1. Can you confirm whether E39 is within 22 Å of D160 (Cα to Cα), out of contact with any Gly (no Cβ under 7 Å at 6 or more places or on another chain) and modelled with pLDDT under 95?
2. For the subset of segment 65-81 comprising residues that are at pLDDT 70 or above and part of a loop (DSSP other than H, G, I, E, B), which member is surrounded by the most Cβ atoms within 10 Å (Cβ to Cβ)?
3. Collect the residues in segment 175-199 that are at pLDDT 95 or above and in a loop (DSSP other than H, G, I, E, B), keeping them in residue-number order.
4. Scan segment 112-132 and give yes if some residue there is part of a helix (DSSP H, G or I), crowded, with 17+ Cβ neighbours inside 10 Å and modelled with pLDDT under 90, otherwise no.
5. Does S84 qualify as being on the phi < 0 side of the Ramachandran plot and modelled with pLDDT of 95 or more?
6. Quickly run through segment 162-174 and pick out the residues that are among the aromatic types (F, W, Y) and in a loop (DSSP other than H, G, I, E, B).
7. Between A150, A102, A145, A159, which is in a helix (DSSP H, G or I), of a type in the set (G, A, S) and more than 13 Å from C56 (Cβ to Cβ)?
8. Against the conditions (1) within 14 Å of Y171 (Cβ to Cβ); (2) at pLDDT below 95; (3) buried (at least 22 other Cβ atoms within 10 Å of the Cβ), where does R62 fall short? Just the number, please.
Amino acid sequence: MRVFAEQPVQPPVSQGFEHVNRYWDDVHKVWTAKILPGEFYVSTTGEMVVTVLGSCISACVRDKVRGIGGMNHFMLPEQTEYSSDVWGGNPGTSASRYGNWAMEFLINEILKRGGRKENMEIKLFGGGQIIASMTDIGQRNILFAYNYLANEGFTVSAADVGDVFARKVLYFPDTGAVKVRRIRDMKNNTLLDRETRYRKEVEQTASSPIGGGIDLF
């Protein structure tokens, strides 16, 4: 008789991230948080964080000593006059759609949960030019991310960025392991439509103030 292992109890969600979709991934046998454009998520309990990227960028950041970390998903090739020089803000706000805020919020939430800046490990993904006829906003996003991190005194330990395909990224903040699937043949327009809507939202509000290694699979 086959015995089925019981699903572990879902770990408690960190305050401020209740809106993020979390589910049990039966393939990797781990509780998972799925983030969409403009969202980010931080875990202290060994969860997996997953997203799908086209021209957008995701930074995977963790304290490699304490195993506290998370991922963001943003599209912004340059900072605005509303950038903050001090890490701050609240998770889940509309500000996190902007690259500078998305980075600040993610790092700040890790620090609030016991992370330390000197222990930070950072990996970058995305920025693909998934529509040949479209302005290469992906490359501009990549340059923004590298410049931002350099200005803040961080180095990038690993990256899979650019080229012409989308990516599915699976990140394990407790170990730093990342699995990346390069999506060379998209079966439908869901990702394109989502990023197009997201880009329009960013552009429409841009002038308004707002409050391990890599495995390819």
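The values are calculated or read from the model by the stated rules, or taken from the named source; none is laboratory data. Bear in mind the structure is a predicted one, so any value in this text is a computation, not a measurement. Counting neighbours? That spans all protein chains shown, and the Cβs are built from the backbone with ideal geometry, glycine included.
1. So E39 passes the test.
2. Filtering segment 65-81 for residues at pLDDT 70 or above gives 65-75.
If we keep only those that are part of a loop (DSSP other than H, G, I, E, B) as well, we get 65-67, 73, 75.
Numbers: V65: 13, R66: 15, G67: 18, H73: 26, M75: 28.
This residue is M75.
3. Selection gives T175, G176.
4. no
5. When the stated conditions are applied, S84 does not pass them.
6. Start the filter on segment 162-174 by keeping residues that are among the aromatic types (F, W, Y), which leaves 165, 171-172.
F165 - this is the single residue of segment 162-174 that is among the aromatic types (F, W, Y) and in a loop (DSSP other than H, G, I, E, B).
7. That would be A150, the only listed residue that is in a helix (DSSP H, G or I), of a type in the set (G, A, S) and more than 13 Å from C56 (Cβ to Cβ).
8. Result: R62 passes all but (2).
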